[in-house]
Every structure is written in structure tokens, then in C-alpha cells.
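Peer 1: Got a structure for you, questions after.
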């Protein structure tokens, strides 16, 4: 049995229960801990953090009695990615600083902590520091000949270059990364990176090239149970068809995107998909459809007791109402947008500027409503 970090997580799903049985029967405690760590990592990629922590805890309890320093480092660092996902950078940075100083010869630990630090610095707009850490992670990956981490690090580098507007550099890294992912037969990783390439095509207004990638990804995802990813491939395809003026396929893929997540009762994901589909119709100037989709989202929200907390929902709906001349509803939605946006931006340094913009926009809509009433 191989417990490789490069194992395709989609295939992994089919053998996860068998691996649990194998772990129970392993004679080596360290190997058992390693298998539990691999299963925990799988659930991390599924964003099931409760199961991730449960498997990591089981592995670490074994390692307290039968130490394996490198494996413990690996589990600690992978667990820290949950903190990064939740924005707890301070806690993560403290761990990374300790590992960087205390484990300089643990190549795998250095790969993971430099990748994580690179992502943190990216979110903090510290781009020089971000690139420095990402290149360190890449060099460690090449040194260790770990193709999975070389692919993921190149993918992260591509994302940073894209943020900096260095499109050619981004494309180069993405293409290298997807080639490596295909080489190690990690189809999910290849699909994720392919989606990043599609975004570059969209930036270059190469709509047909982007659509071809989303359709290729759909062929892979439709044979999996990654329903949110499937929904997003439908959503992205709908966006492409809207840009190509293909209303038939726009409606078809929009319906599929919503149906995929709502039928599986993925409530939070469903709200996100509804909002983005409404935005696509708004941009396509199909205002009545944008309003209808937004109303469906609200009904779904109320039926499933999931509040809509995204201010963009109300902004999009306000703009759609305004476009069809319904200034009363446009004003009501704008007020809700301002209220939610204001609560989110309370701690922002730009709050005063944002308030002035919102008040000006509100004043303009009130004028329009007054004019209509007169």
C-alpha cells in the first residue's frame, strides 16, 4: 500500500473505508498513524474539518507513545492549514516560525510551511515576501523530487503572478503544474489548475478557449461526487455562453448549476451559486431573469433557514430592479445592501469613503423614485 500525498483524492474516496480497516490491522504503530494522517488529509481536501481533526488526533495520540518526529511535524503543519483557511494567521505564523527554526533539515516540513507562509503573505498583499516563500517551497519540492508539491507550488506561484498582472508568467507556471498533475494521475488537481488557466483565457477575452477547459473539467467531475465543483463548472460554462450570446445554453447550464447543489442540500453553496447565476443574467441584461433567480434564492434561503449575508445579493437585485424601472424596490434593496456592507466594513480603514459613496448612490436612487412618484 502506498500513502502518497499525490494520490488522487477522487479515487481515494472509494477506498477510504478500506484504509480505515487496514489501519486497525497494521502492526507498526507509526504506519498506522501515517494511514490515519492520510485519511485526515483526504477529509481536509473535502473541507470536512471535523473529520480531519478527528483522524489527526488519533494519529497524534499514537505518536505520543511511538514517536515519529517527521510525521508529527507533517500533521501539525497540515492541521495549521485549517487555521489559515479561517484567517487565524497569527496562530499559524507562530507555528511556522518554530518549525522553520527547529526543523531546518525536514524537507517536507519546509515545503509545507513555506507554501502556507506564501499564501498568508499573498492575502496580506506582501507580494515580495509571498514570492520569496513560494520559490523556497518550489526549490524544496524539486530537491525532494515530490511532484505533487511541485505542481501545487507552481499553481500557487501562477496565482500570485496573476494577482500581479504578470499573465505570461502565470500561464507558464499553470501549464507546467497541470502537466505534472497529469503525470502523477492526480485528475482533481489537474482540473483545479485547468480552471485557473481558463480564468486567464477569460481575462484575455478568449471565451471559447475557456469554455473548452470547463467542458473538459466537466467530463472528469461528472464521474465524481464533488457536487460543488460540478456546479461551478456548470456555472462557469453558463458565464461563457452568456458572453457568446448563446441564450439556450446559458439557461441550460444555469439550471444545472443550481439543481446540482440544491438537490444535494448543500445550502450555503446553493446560496452562492444562486447569487452568481443572478449576476450572470444581470450582466447579460436579462434583468427579469436576474430578479426571478434572486427571488428563488430568497425563497430557498427562507425554506432552509440559511440567511443571505452576501451584500452583493442585494446590490445585484437593486441594479436589476432599477434597470426595469422599479425604483421603489431598487431603493429598498440598496438600503439592505448598504446596511450589510456597512456591518462588514466596520473595521475597515476605508469605511468613511465607502459611506460617502453609498450615501451618494442612495441619494441618486431617492431622486429617481421621487421623480417617478411626481
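Peer 1: Go over the candidates 24, 34, 57 one by one and state the one that is in a helix (DSSP H, G or I), at pLDDT below 75 and not assigned by TED's automatic domain parsing to the domain that holds residue 183.
Peer 2: Residue meeting the stated conditions: 24.
Peer 1: Quick one: what pairs do we get from segment 257-278, first residue on the phi > 0 side of the Ramachandran plot, second buried (at least 16 other Cβ atoms within 10 Å of the Cβ) and assigned to a helix (DSSP H, G or I), C-beta under 9 Å, 6+ apart or different chains?
Peer 2: none
Peer 1: Same structure, new question: With the requirement that a residue be buried (at least 16 other Cβ atoms within 10 Å of the Cβ) and free of Cβ contacts under 8 Å to residues at least 40 places away in the same chain, what does segment 54-71 give you?
Peer 2: Selection gives 55, 56, 58, 59, 60, 62, 63, 68.
Peer 1: Let me confirm something: among 157, 117, 113, which residue is closer than 19 Å to residue 70 by Cα and not assigned by TED's automatic domain parsing to the domain that holds residue 209?
Peer 2: Just a single option satisfies the conditions, and that option is 113.
Peer 1: Filter segment 143-163 for residues that are touching a helix residue (DSSP H, G or I) at 6+ places or on another chain (Cβ under 6 Å), farther than 19 Å from residue 74 by Cβ and surrounded by fewer than 18 Cβ atoms within 10 Å (Cβ to Cβ) and give the result.
Peer 2: none
Peer 1: In addition: May I ask you to verify whether residue 235 is surrounded by 20 or more Cβ atoms within 10 Å (Cβ to Cβ) and over 19 Å from the mean Cα position of the chain (by Cα)?
Peer 2: No: the conditions fail for residue 235.
Peer 1: Are any of the residues in segment 118-133 touching a residue at least 12 places away in the same chain (Cβ under 8 Å), part of a helix (DSSP H, G or I), within 19 Å of the chain's Cα centre (by Cα) and under 20 Å from residue 188 (Cα atoms)?
Peer 2: no
Peer 1: On to the next question. Looking at segment 279-311, which of its residues are closer than 24 Å to residue 338 by Cβ and not in a helix (DSSP H, G or I)?
Peer 2: 306, 307, 308, 309, 310
The values are calculated or read from the model by the stated rules, or taken from the named source; none is laboratory data. Every value quoted in this text rests on a predicted model; they were computed, and no experiment measured them. When we count neighbours, we look across all protein chains shown, and the Cβ atoms used for this are built from the backbone with ideal geometry, even at glycine.
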